Structure formats: structure tokens, C-alpha cells
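So the structure is just underneath, and the comments pick up after that.
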Amino acid sequence: MTIIKALDEIDLDSLTEWVVAQRWFSGKSREVHVGVRTALPLCEDPGLGLVIAEARTPAGTHELFQLVVGVDGGALDHDALADPERAAALADLLRGGGTVEGAEHTVAFTWADAAPTLGDRPTVRPLRAEQSNSSVVIDDQVILKVFRHLEPGENPELEMLEFLSTHGFDGAPTLVGSYSLHGDLIDATLGVAQQYLAGAVDGWDLAQDALTSGATDRLTPRLADLGRVVGEMHSALGSDASDPDFAPEEASDEALPLFIATIDEEIEQVFSKLPEHEVFAPITGRGDDLRDRLRRMSSGGSVGRLIRHHGDLHLGQTMLDDGRWTILDFEGEPSRPLRERRRKRSALRDVAGMLRSFAYAASAAERAGASLPDGWEAAARQAFLDGYHAGVEPALLPAGEAATAQVLAIFELEKAVYELRYEIDNRPDWAAIPVAGIARLLDEDTP
């Protein structure tokens, strides 16, 4: 069977069953029907095609998803990325540049002049650990991230890597190429190829190794270096007033009060449904105290200038390679709409996300049996913040150390309340981590 014939004869029942079973499909709890909005062959030998599928629910919601498909014997293979030969064909299309024309849509491929040289028949292997996308490693030099859930517009991963590479920041992977869809249905980024850090260590794994082996004295200085790199990233993202998509903006007078109101509502909702369990004892019945504390923290002041930011920063989004930190995954939180992920916000939201990651790292190590030195988390926080302030442009932050610390505490509270809701719904055994963060804020001296 040819790829053209396979695309013409897609079995929708089989397609629906396969899509719903994938880790990157978020609608598993809903009744879903999957149809095909457009399909076009990418190459005939080996058979490789692109399908844009639409998942619809009886309530009328619909989402678009990308499938890279092939032909396996006489049937359609829904996941050609798992097949080395067909995945290599996609890599060949990327490095060749150019376009593939369909009846209604065009797929455009780009490849950087400075991209690594791939073999005549590149070796390709899939990565299995992802939740929202699918990635393949090409010749252990390039990683191609294929975006499954599609929205109109340029994906922030591509946009951010392009911007950072031209504005003096070397703490992100080198952008190698991309491919995108253009047509009446949608104009969207389909995938981004970037430098693969073959010998690097994931920041979360690095922290766990250090914490469980008693090597915290080596980890803490590295967190200071990480803070500096994050500060330099924010400085670069706020450096170009001529680019409307990245130019820093002054926050309105209403920005902080509106943000506080959102957190206040979240606190009310979460605390009204706290389970009756001893793990929640430090904060049970203290929702009003927390809301009052929040209002006092928000009196006056500004969140600083608003810039494009990472949007999902934690230890697992970093890699250490030969003593140098690299920050990964600039697409933001995939569960949020693309428009929201592109919105300019305070740089301190990223800082808060990383600090909360330290709390999770410490708890995970203790759950694994480690005994951490007294005050390790506080020391790690301070090291990171010292590095951050050494790397960031001060004009991006609220005026003065006290104001910056106060706004950062608000963002940490927002993150901890979000974590509390998530852990109650998904991982109750981990709820003690956000509980401890919220309790610490309640027990601190009033600013």
C-alpha cells in the first residue's frame, strides 16, 4: 500500500482508539471522536505522511493534533516517529529545507547553515519520557521536538530560541531547524530541531544524586551558577525595545491588585476543600489568615517590568554540561493556550518556579532515605538568588531588595497554592511539600 492510498483510507475508529491512548492526549476522561482535517504525503519511499487530526467532544470542544504516519505492510502506522527508517526520512526532509505541497496545505522545512553535519543515513531514536510532545534524537547531535497539540501561530519554543540566539545568550540550545504547516486550516509550528546535549546531566537528576549521596557542598555553588544563567536569560529577553513581541513593558497600576485577586480566589477554593488529614494540619483553618497575609504583602509596589519569560522553569528544564548550565523547553506550560504562554509577565515568576523546585528536590531526596543538612534548602535558595541578582538587569525587577523579595514571595505563594491543588487531585502523598511552603509564609514575620 502506498502512503497516498493509506491516507485516503484512514480508519477513524482505529485512529480514535490510538489517539486517545497516547500520553500526549489530554482528553482521556471525555467522550471523544477523532476525525481527519487534512492529510498529505511527505515522501513516498519510505512511505511518510502528515495527518492533522481533530478531536471533538459532544460538548462541542475541539482540538487539533499532529500525527506523523507511515505504512506498515498493508496498514497505516499511526506513529512513524517510532520507526527509525521513517523518522530518518523526516530528518532528511528537515536538512534538505524546501517545501512539500499538498492540495490545501504546504509544509515548509528549514535547516540552519551552521547545523551539524548528519550522516548519509542518519540514525534516529525516539525519547520515551515526554508527556506533551514527541521527540527523536538524530545522530546524537540533534533533537527534534514534534508538537502534538497544535494552535495557530509560531510556537514559543521556536520564537524564544530564535530571539535568544541573536541577543547574546548562550545558555540555550542552538536552534538547528524547524518545520511548519501553512494553509486555510491553520498556520502553525509543527516541530523544532535543536542541539542535543549528549553528555549533559539533567538538573533534577544532578540534584537528586548530590542530595542522596551527601554531596550538597558541591551542589549549592552550582545553583549559584544556575541563578546567574537565569538572570542573564531574563536580561536578554528584556533587552530589545525595538521588537514588539519582546520589548519590556511597564506593568499597569492594576497589574498587582488583579493578580492578588486571582490568587485570593484560588486560596478560597482550595482551602474550602482541604481533606481531613494530618498532613494538612499546619494550614487547616488558616485560609483567611493566608488571604489577609496576601493582601498585606500586596500593599503598594510593582511587579517590575513585564517581559517574555520561560514560563515553566524548574530543575528538570536545565542541563549541566562540562560545568555550563543550559536551559531547555521554552514552549511554556503546554497545557496553557499559546496566547497565554506568549504573554509578558514578571521575570520573578520564573524565579519562583525554580525556588519551588528546590523544595520538591529536597523532599524527593528525603523520601529516598537521604538525611539533608539542616538549612540546606534555605542555603540553596540564597545561593540561587545571589547568582540571579548578579546576572539580571536590575531595571527589570521591582525597585529595591525588600520590594523584590515581597513580590517574589507572592509568586511563590501562587505556585504553592497551584501545587497544593494539583497534589490533592493527583498525588496526595506529595501534598506535604506545598503545605510546608504555605505554612512557612504564614509563620514568617509580616513584611
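The values are calculated or read from the model by the stated rules, or taken from the named source; none is laboratory data. These figures come from a predicted structure and were not determined experimentally. Cβ placement follows ideal geometry from the backbone for every residue including glycine, while neighbour counts extend to all protein chains displayed. Calculation scope for accessible area: heavy atoms of the full protein, side chains included, ligands and nucleic acids excluded. Shrake-Rupley method; radii C 1.70, N 1.55, O 1.52, S 1.80 Å.
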Fill in: Global geometry of segment 122-276, whether rounded, prolate or oblate, following the gyration tensor of its Cα atoms and the 1.5 cut on a/c
rounded
Practice prompt. Determine, for each peptide in 102-109, 356-363, the mean count of other beta carbons within 10 angstrom over its residues, then list the peptides with the highest first.
Written response: 356-363, 102-109
Worksheet entry | Candidate aspartates and glutamates for bridging to K5, where Cα separation is under 19 Å - those fewer than 8 sequence places away on the same chain excluded | D13, E44, D45, D72, D77, D79, E101, E104
Practice prompt. Working from Cα positions, state the angle (0 to 90°, nearest 10) between the long axis of helix 216-237 and the longest principal axis of the chain.
Written response: 70
Worksheet item: How would you order 110-119, 133-142, 290-299 from highest to lowest mean count of nearby Cβ atoms within 10 Å?
Response: 133-142, 290-299, 110-119
Worksheet item: So, in nm, how far is label R128 from label E162 when the simple model puts each one 7 Å beyond its Cα toward the Cβ?
Response: 3.5
Discussion item. How far apart, in nanometres, would the label points at S252 and V36 be if each is projected 7 angstrom from Cα along the Cα-to-Cβ direction?
Written reply: 4.7
Worksheet entry | Reach of K145 by Cα under 13 Å, taken over aspartates and glutamates that are not fewer than 8 positions away in the same chain | E130, E157, D329, E331
Item to complete: Quick one: dipole size for segment 330-384, taken about the Cα centre, charges +1 on Lys/Arg Cβ and -1 on Asp/Glu Cβ, in debye to the nearest 20.
Response: 560
Fill in: Whole-Å distance, taken between Cα centres, linking segment 176-255 and segment 376-397
16
Practice prompt. Find the Rg to Rh ratio for the chain, where Rh is the Kirkwood radius over alpha-carbon pairs and Rg uses the same atoms.
Written response: 0.99
Worksheet item: What is the spin-label model distance, in nm, from T262 to A114 if the labels are put 7 Å beyond Cα along the C-beta direction?
Response: 3.6
Discussion item. How would segment 247-362 be classified by its alpha-carbon gyration tensor: rounded, prolate or oblate, with rounded meaning a/c under 1.5 and the a/b versus b/c comparison settling the rest?
Written reply: oblate
Discussion item. Per 0.36 nm of contour for each residue apart, how much would the distance between D217 and D45 grow if the chain were fully extended, relative to their Cα-Cα spacing?
Written reply: 56.4 nm
Discussion item. Whole angstrom only: what separates the Cα centroid of segment 292-354 from the Cα centroid of segment 119-159?
Written reply: 23
Worksheet item: In nm, what is the difference between 0.36 nm times the number of residues separating K5 and D288 and their Cα-Cα distance?
Response: 95.5 nm
Practice prompt. Can you tell me how much longer the chain between S272 and N426 gets when fully stretched, taken as 0.36 nm per residue apart minus their C-alpha distance, in nm with one decimal?
Written response: 53.7 nm
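Send over a whole-number figure in Å² for the accessible area per residue of the chain, probe 1.4 Å.
45
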Discussion item. Charges on Cβ only, +1 for Lys and Arg, -1 for Asp and Glu, centred on the Cα centroid of the chain; of L161, A378, L442, which one is farthest towards the dipole's positive end?
Written reply: L442
Response to the item:
Helix 287-297: inclination vs the chain longest Cα principal axis, degrees, rounded to 10, gives 80
Worksheet item: Can you give the FRET efficiency for S26 and A241, using 1/(1 + (r/R0)^6), R0 = 30 Å, r = Cβ-Cβ distance, to the nearest 0.05?
Response: 0.20
